[in-house]
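For reference, the structure is listed below as structure tokens.
The values are calculated or read from the model by the stated rules, or taken from the named source; none is laboratory data. All values reported here derive from a predicted model rather than from experimental measurement. Positions of Cβ are backbone-derived with ideal geometry, glycine not excepted, and every protein chain shown enters the neighbour counts. For the accessible areas, the whole protein counts, side chains as well, though only heavy atoms, and no ligand, DNA or RNA atoms are used. Shrake-Rupley method; radii C 1.70, N 1.55, O 1.52, S 1.80 Å.
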Amino acid sequence: MIAWVNKVVALTSILLCFCDKDQVMVILLTGGAGYIGSHTARQLSGQGFQVIIYDNFSSGHREAVKEFPIVAGDIADADMVRATITRYRIQAVIHFAADSLVAASVTNPARYFQNNVCKGLILFNQLVDQNVRYIILSSSAAVYGEPSVVPINEEHPLKPANPYGDTKCMLEKILQRYHEAYGLKYASLRYFNAAGAYPGGDIGEDHEPETHLIPTVLKAALGQIEKVSVFGRDYPTRDGTAVRDYVHVKDLAEAHVLALNALRHGMPSTAYNLGSEEGFSVLEVLRTATKITGKSIKYEVGPRRAGDPAVLVASSTKIKRELGWHPEHKTLAEIIGTAWKWHLSHPHGYKVPSSGDSEIE
Ligand code: UFG
């Protein structure tokens with residue numbers, strides 16, 4: 001009789017486990033109304049996940065996530081985080097909410113440690129308290145600092161060159177310790193330079209102020225700014241300008257889906273680099289954008305920007321090998337092409353221009 005009961009219990013737990021893995025998962029995206037968050041929301045929902053956006057709208061856009069349930073709140077509001085987890089039965093979190101500008105972190109480190117680390121910790125504590133088992137952390141190539149070897153793989157020492165990178169390193173370390181102590185499973189995705197837009201051109205990159213290279217270059221192509229400042233031409237690179245690895249935002253989004261699926265099917269907690277594995281200098285980006293847009297784009301060379309390493313190029317071999325990640329939009333021309341489509345159709349970003357604003361033809 002006891003043996004029979006044991007068999008039933010074992011069978012039931014196998015079935016429950018099976019159900020847990022295959023039911024529709026509800027995922028909370030902190031900072032989900034931002035650039036990478038909104039693309040990931042779409043990618044997840046296209047693959048059957050239920051997505052809830054959690055954003056304080058300090059920089060996110062409601063228009064980017066209008067098809068999803070939205071909770072307007074700050075991750076530092078522990079009560080609201082807890083209520084959201086309970087209300088929607090959240091099973092996993094993808095944590096995008098953070099300040100993410102290297103230069104701003106150099107001049108105002110207090111803000112970065114407060115918003116990224118202190119608030120991140122409040123969120124993580126709620127996940128542990130509420131038994132949320134999985135988290136994907138939006139991390140960054142900035143954790144490596146000035147690399148000693150290129151391309152950079154995940155074994156490269158973590159030596160951030162700016163406070164932004166420090167904050168991502170700290171969050172990764174906290175997750176590692178929380179995993180060991182509380183069993184919270186995580187994947188840290190270290191993005192290189194996210195760029196491009198959803199190929200349909202209806203969502204894309206819209207920051208205020210815009211500091212990133214590709215949207216700045218495209219604003220110059222649209223005539224919205226007179227010229228692009230090239231930050232430094234005295235780097236030890238092929239043309240003296242800084243080299244970055246631009247990776248398409250939709251490919252980044254797909255990596256989140258792969259990592260989440262792998263975690264819930266037993267993958268150990270880990271970190272992955274996400275890049276195209278090819279570096280382009282600032283001047284090469286300008287040249288490619290000139291070709292794609294057919295516009296002449298003026299630039300002037302200025303001083304280096306504080307906190308910028310000379311070269312950041314990924315090795316993404318680990319995520320390709322372990323999770324089968326295959327970037328679809330591999331070339332810089334494709335990446336800039338999708339961004340250009342977004343900028344042409346949304347010259348003011350998500351903002352609807354008032355009648356006084358002049359329109360771009
Ligand atoms: N650049 C210019 N002129 C500009 C803007 C940028 O010359 O007007 C240069 C920068 O100095 C840098 C390169 O272009 O060498 C790319 O700059 P971005 O501002 O587009 O991106 P970053 O490399 O500074 O940072 C991005 C993300 C960070 C992330 C980092 C990881 O914003 O969150 O990639 O590589 F940490």
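Here is a check on your reading of the model: is Glu300 outside any strand (DSSP E or B) and surrounded by fewer than 18 Cβ atoms within 10 Å (Cβ to Cβ)? The answer is no for Glu300.
The rows are residues; the columns are (1) at pLDDT 95 or above; (2) open to solvent by 40 Å² or more (accessible area, probe 1.4 Å); (3) part of a loop (DSSP other than H, G, I, E, B); (4) in contact with a Lys or Arg (Cβ under 9 Å, 6 or more places away or on another chain).
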| residue | (1), (2), (3), (4) |
| --- | --- |
| Lys250 | yes, no, no, yes |
| Pro268 | yes, yes, yes, yes |
| Val285 | yes, no, no, yes |
| Lys291 | yes, yes, no, no |
| Gly307 | no, no, yes, no |
| Trp325 | yes, no, yes, no |
| Lys330 | no, yes, yes, no |
| Trp342 | yes, no, no, no |
| Ser354 | no, yes, yes, no |
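Based on this model, can you work out whether Leu127 counts as in contact with a strand residue (DSSP E or B) (Cβ under 7 Å, 6 or more places away or on another chain), open to solvent by less than 10 Å² (accessible area, probe 1.4 Å), assigned to a helix (DSSP H, G or I) and more than 11 Å from the ligand (Cβ to nearest atom)? When the stated conditions are applied, Leu127 passes them. Kindly evaluate Ala142 against the criterion of being outside any loop (DSSP other than H, G, I, E, B) and either among the aliphatic types (A, V, I, L, M) or open to solvent by 60 Å² or more (accessible area, probe 1.4 Å) (or both). Yes, satisfied.
When region 172-219 is filtered for residues that are part of a helix (DSSP H, G or I), within 16 Å of the ligand (Cβ to nearest atom) and either without any contact (Cβ under 8 Å) to a residue 40 or more places away in the chain or among the aromatic types (Phe, Trp, Tyr) (or both), only Thr216 remains.
For region 220-245, what are the residues that are within 8 Å of the ligand (Cβ to nearest atom), crowded, with 16+ Cβ neighbours inside 10 Å and of a type outside the set (Phe, Trp, Tyr)? Result: Val228, Val230, Gly232, Thr241, Ala242, Val243, Arg244, Asp245. Residues in region 153-165 that are more than 23 Å from Val249 (Cα to Cα) and assigned to a helix (DSSP H, G or I): Pro163 only. Screening the candidates Val143, Val117 for the property of being away from the ligand (no atom under 11 Å from the Cβ), of a type in the set (A, V, I, L, M, F, W, C) and at pLDDT 95 or above yields one hit, Val117. The single residue among Ile75, Ile90, Ile85, Ile94 that is aliphatic (A, V, I, L, M), part of a helix (DSSP H, G or I) and open to solvent by less than 40 Å² (accessible area, probe 1.4 Å) turns out to be Ile85.
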